[in-house]
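One structure is given below, encoded as structure tokens.
The values are calculated or read from the model by the stated rules, or taken from the named source; none is laboratory data. These figures come from a predicted structure and were not determined experimentally. For neighbour counting, all protein chains shown are included, and Cβ atoms are generated from backbone atoms with ideal geometry for every residue, glycine included.
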């Protein structure tokens, strides 16, 4: 190793050190250690650093002016790493103290805790202290476990889809289903992207908005052009002319989202690639759709930064319209963003989200609340998301109960895409956002309703083929496994009559 970075600290373990001498380092961790004269055990991190630098214990001991046997004790966590030694390491090897001393360990521990809540670990005693120790002392193994668990969760969802679909061998995979599995396995949450986007959002705010930020940081001019000039594009990035072109028929929220998404493609390319790295995509179409979905996630994270948005959501009791106005977003964008607030250690209410057209076709589906969406075929016609087309732009709430007894609270409303001018195509869809009954009391929409939830719950099914509620007048198909009775001499009011069993 190049020894020009050798420590200039006085010899001896008791030398006095001033934090002002380390202005080039993040000393937050050292301050917290020195306050209260606490010590920390970071042996595995120290050992990994030494190996990365290609040094022996004797060389490290010489650099830090301690004995080789003391280095061995430190690496085995048999001695604490004091604030004085942390500062020596920082000065000697030019390391970032926050990274080395484990500010990220809290996030790692939160991610481990979330993964270990999986029912498959229910019979294992996993004390919080043990999880924290694993994250702090064995970060590599912790990260390996998290990657394996994520891959396992994605595989389980894929197997469930295959069983439901009963796909024949060799059948082409569905790119949309692949992306839905990819997002579901990660609970539609990418904490690393949220952190990067939050930093960018701060710079955008300082610049006075996205348009001046593009100009100041990237020398890109933003131009609003008529739809006929845009040729069917909502956004176009012209690198040669150093312009970002936006269709002027878009409303304000859509313009901001398109600009934020373009910014994500420019500044968050590496984090987006990293988020996709462990995805198992079988086609280029799946990869492109996943990349677009993650870029959209990043755009929402820039427009609605995680910490500020989560805090506002809790303060406003998840009032979607109020949050949309506060952040200059649309109803759908805001509802979608609410499904992503599951950053380990900073979780908000877990929501599911669905978007359907008047014919019942699903164009977007995200599940963070354990709602069993119909993978194939139509949904339940008794769910209010299919009725709100009769009450455009009005929020309709509903308690629903599934055949297994689970209850959810649903918020549905119509949303409009397109338009912006006379004769311009306009598409009307319905979106529903919902959560499990135990979280519903935190929503503004349930105030005064919680005690009546049991009486108000509408019995619904996942889809007619999987629903065993035989007394349903809205049924469109018989459930799998039930025998249909003949109606030669008798026809009841219900669509089908079934035999026992």
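Would you please name the residue that is surrounded by the most Cβ atoms within 10 Å (Cβ to Cβ), looking only at residues in segment 132-154 that are more than 17 Å from residue 344 (Cα to Cα) and in contact (Cβ under 8 Å) with a residue 24 or more places away in the chain?
154
Report whether or not residue 307 is buried (at least 16 other Cβ atoms within 10 Å of the Cβ) and touching a helix residue (DSSP H, G or I) at 6+ places or on another chain (Cβ under 9 Å).
For residue 307, the condition - buried (at least 16 other Cβ atoms within 10 Å of the Cβ) and touching a helix residue (DSSP H, G or I) at 6+ places or on another chain (Cβ under 9 Å) - is not met.
With the requirement that a residue be in a helix (DSSP H, G or I), over 31 Å from the mean Cα position of the chain (by Cα) and surrounded by 15 or more Cβ atoms within 10 Å (Cβ to Cβ), what does segment 202-231 give you?
227, 230
State which residue pairs qualify: first residue closer than 21 Å to residue 197 by Cβ and inside segment 210-238, second residue in a loop (DSSP other than H, G, I, E, B) in any location, beta carbons under 6 Å apart, and separation of 6 or more residues or different chains.
Going by the 6 Å Cβ cut-off, the qualifying pairs are 214/220; 220/242.
Before we move on, is residue 112 modelled with pLDDT of 80 or more and in contact with a helix residue (DSSP H, G or I) (Cβ under 6 Å, 6 or more places away or on another chain)?
yes
For segment 64-79, enumerate the residues that are over 42 Å from the mean Cα position of the chain (by Cα) and assigned to a loop (DSSP other than H, G, I, E, B).
Matches in segment 64-79: 65, 66, 67.
Could you pull out the residue among 249, 264, 274 that is part of a helix (DSSP H, G or I) and under 30 Å from residue 416 (Cα atoms)?
Values: 249 fails: part of a helix (DSSP H, G or I); 274 fails: under 30 Å from residue 416 (Cα atoms).
Selected residue: 264, the only one of 249, 264, 274 that is part of a helix (DSSP H, G or I) and under 30 Å from residue 416 (Cα atoms).
If you go through segment 401-422, how many residues are within 22 Å of residue 363 (Cα to Cα) and either within 26 Å of the chain's Cα centre (by Cα) or not assigned by TED's automatic domain parsing to the domain that holds residue 437 (or both)? Spell out the reasoning first.
Of segment 401-422, the ones within 22 Å of residue 363 (Cα to Cα) are 408-420.
Those still in the list that are either within 26 Å of the chain's Cα centre (by Cα) or not assigned by TED's automatic domain parsing to the domain that holds residue 437 (or both) too: 408-417.
Adding up the residues that qualify gives 10.
Which residue out of 317, 374, 324 is in contact (Cβ under 8 Å) with a residue 40 or more places away in the chain, over 23 Å from residue 180 (Cβ atoms) and not in a helix (DSSP H, G or I)?
That would be 317, the only listed residue that is in contact (Cβ under 8 Å) with a residue 40 or more places away in the chain, over 23 Å from residue 180 (Cβ atoms) and not in a helix (DSSP H, G or I).
Which pairs turn up if I take residues in segment 261-282 that are within 25 Å of residue 151 (Cα to Cα) and look for partners that are modelled with pLDDT under 90 and not in a helix (DSSP H, G or I) with beta carbon separation below 7 Å, at least 6 apart in sequence or on another chain?
282/173
Select, from 406, 390, the only residue that is surrounded by fewer than 17 Cβ atoms within 10 Å (Cβ to Cβ) and closer than 19 Å to residue 435 by Cα.
Of the residues listed, the single one that is surrounded by fewer than 17 Cβ atoms within 10 Å (Cβ to Cβ) and closer than 19 Å to residue 435 by Cα is 406.
Could you tell me how many of the residues in segment 344-354 are buried (at least 21 other Cβ atoms within 10 Å of the Cβ) and either modelled with pLDDT under 90 or assigned to a strand (DSSP E or B) (or both)?
Summing the residues that are buried (at least 21 other Cβ atoms within 10 Å of the Cβ) and either modelled with pLDDT under 90 or assigned to a strand (DSSP E or B) (or both) in segment 344-354 gives 3.
A quick yes/no check of all residues on (1) modelled with pLDDT of 80 or more; (2) part of a helix (DSSP H, G or I); (3) over 30 Å from residue 346 (Cα atoms); (4) in contact with a helix residue (DSSP H, G or I) (Cβ under 7 Å, 6 or more places away or on another chain):
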site: 32; (1), (2), (3), (4): no, yes, no, no
site: 60; (1), (2), (3), (4): yes, yes, yes, yes
site: 87; (1), (2), (3), (4): yes, yes, yes, yes
site: 108; (1), (2), (3), (4): no, yes, no, yes
site: 130; (1), (2), (3), (4): yes, yes, no, no
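Within segment 232-239, identify whether any single residue is exposed (fewer than 15 other Cβ atoms within 10 Å of the Cβ), modelled with pLDDT under 90, assigned to a loop (DSSP other than H, G, I, E, B) and on the phi > 0 side of the Ramachandran plot, and answer yes or no.
There is at least one residue in segment 232-239 that is exposed (fewer than 15 other Cβ atoms within 10 Å of the Cβ), modelled with pLDDT under 90, assigned to a loop (DSSP other than H, G, I, E, B) and on the phi > 0 side of the Ramachandran plot.
Consider segment 389-436. How many of its residues are under 21 Å from residue 469 (Cβ atoms) and modelled with pLDDT under 90?
Of the residues in that region, 5 qualify.
Condition check ((1) touching a strand residue (DSSP E or B) at 6+ places or on another chain (Cβ under 8 Å); (2) farther than 27 Å from residue 479 by Cα; (3) not in a strand (DSSP E or B)) across all residues:
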{"residue": "380", "(1), (2), (3)": "no, no, yes"}
{"residue": "405", "(1), (2), (3)": "no, no, yes"}
{"residue": "413", "(1), (2), (3)": "yes, yes, no"}
{"residue": "421", "(1), (2), (3)": "no, yes, yes"}
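So residue 399 fits all but one of (1) in contact with a helix residue (DSSP H, G or I) (Cβ under 6 Å, 6 or more places away or on another chain); (2) not in a strand (DSSP E or B); what number is the exception?
(2)
In this structure, is residue 322 surrounded by fewer than 23 Cβ atoms within 10 Å (Cβ to Cβ), closer than 12 Å to residue 194 by Cβ, outside the structural domain of residue 432 (by TED's automatic domain parsing) and out of contact with any helix residue (DSSP H, G or I) (no Cβ under 7 Å at 6 or more places or on another chain)?
Values: surrounded by fewer than 23 Cβ atoms within 10 Å (Cβ to Cβ): yes; closer than 12 Å to residue 194 by Cβ: no; outside the structural domain of residue 432 (by TED's automatic domain parsing): yes; out of contact with any helix residue (DSSP H, G or I) (no Cβ under 7 Å at 6 or more places or on another chain): yes.
It is false that residue 322 is surrounded by fewer than 23 Cβ atoms within 10 Å (Cβ to Cβ), closer than 12 Å to residue 194 by Cβ, outside the structural domain of residue 432 (by TED's automatic domain parsing) and out of contact with any helix residue (DSSP H, G or I) (no Cβ under 7 Å at 6 or more places or on another chain).
Give the residue that is modelled with the lowest pLDDT, with candidates limited to residues of segment 453-501 that are in a helix (DSSP H, G or I) and farther than 19 Å from residue 407 by Cβ.
Among residues in segment 453-501 that are in a helix (DSSP H, G or I) and farther than 19 Å from residue 407 by Cβ, the one modelled with the lowest pLDDT is 465.
Given the residues 359, 329, which is the only one that is buried (at least 19 other Cβ atoms within 10 Å of the Cβ), over 13 Å from the mean Cα position of the chain (by Cα) and either in the same structural domain as residue 441 (by TED's automatic domain parsing) or under 26 Å from residue 441 (Cα atoms) (or both)?
So the residue among 359, 329 that is buried (at least 19 other Cβ atoms within 10 Å of the Cβ), over 13 Å from the mean Cα position of the chain (by Cα) and either in the same structural domain as residue 441 (by TED's automatic domain parsing) or under 26 Å from residue 441 (Cα atoms) (or both) is 329.
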